1. Any residue in the range 28-39 that is surrounded by 13 or more Cβ atoms within 10 Å (Cβ to Cβ) sitting within a Cβ distance under 8 Å of a residue that is outside any strand (DSSP E or B) and at pLDDT 65 or above? List the pairs, counting only those 6 or more apart or interchain.
2. Within the set of pairs 6+ apart or on separate chains, which have a first residue in the range 53-81 that is over 16 Å from Asn38 (Cα atoms) and basic (Lys, Arg), a second that is surrounded by 12 or more Cβ atoms within 10 Å (Cβ to Cβ) and at pLDDT 95 or above, and C-beta atoms under 9 Å apart?
3. Provide a single number: the residues in the range 46-77 that are loosely packed, with under 11 Cβ neighbours inside 10 Å and of a type in the set (A, V, I, L, M, F, W, C).
Amino acid sequence: MDGQKMAVFNHEKDSAGGCIMDSPKTAGGQTGTLIFLNANGILTDAVGRVEKAGGKLLGHVVKLPMDLGSWIHIEDTEGNKVGLHAVR
């Protein structure tokens, strides 16, 4: 993806899935490995719960071109950066 290294987690249909991506620059400015979790069907709900649970939103939901979905970077209560992605 744009020259960045990425590996998708092998998973069964309707189970947890995601990917690991090398060196994407997060909205918080950090670089390094970033885990993206599958949030299909629940992205809006998950984004709405981040701050209530003590986390931070690191920007806004970004809609990808060609119907590839949407994503957002978040920070959990321990300072870990995580990406959430949903195709639907």
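The values are calculated or read from the model by the stated rules, or taken from the named source; none is laboratory data. Model, not experiment: these values are computed from the prediction. Please note: Cβ atoms are built from the backbone with ideal geometry, for glycine as well, and neighbour counts cover all protein chains shown.
1. Gly28/Leu58; Ala39/Ala46
2. Lys56/Val50
3. Going through the range 46-77 one residue at a time, the tally reaches 2.
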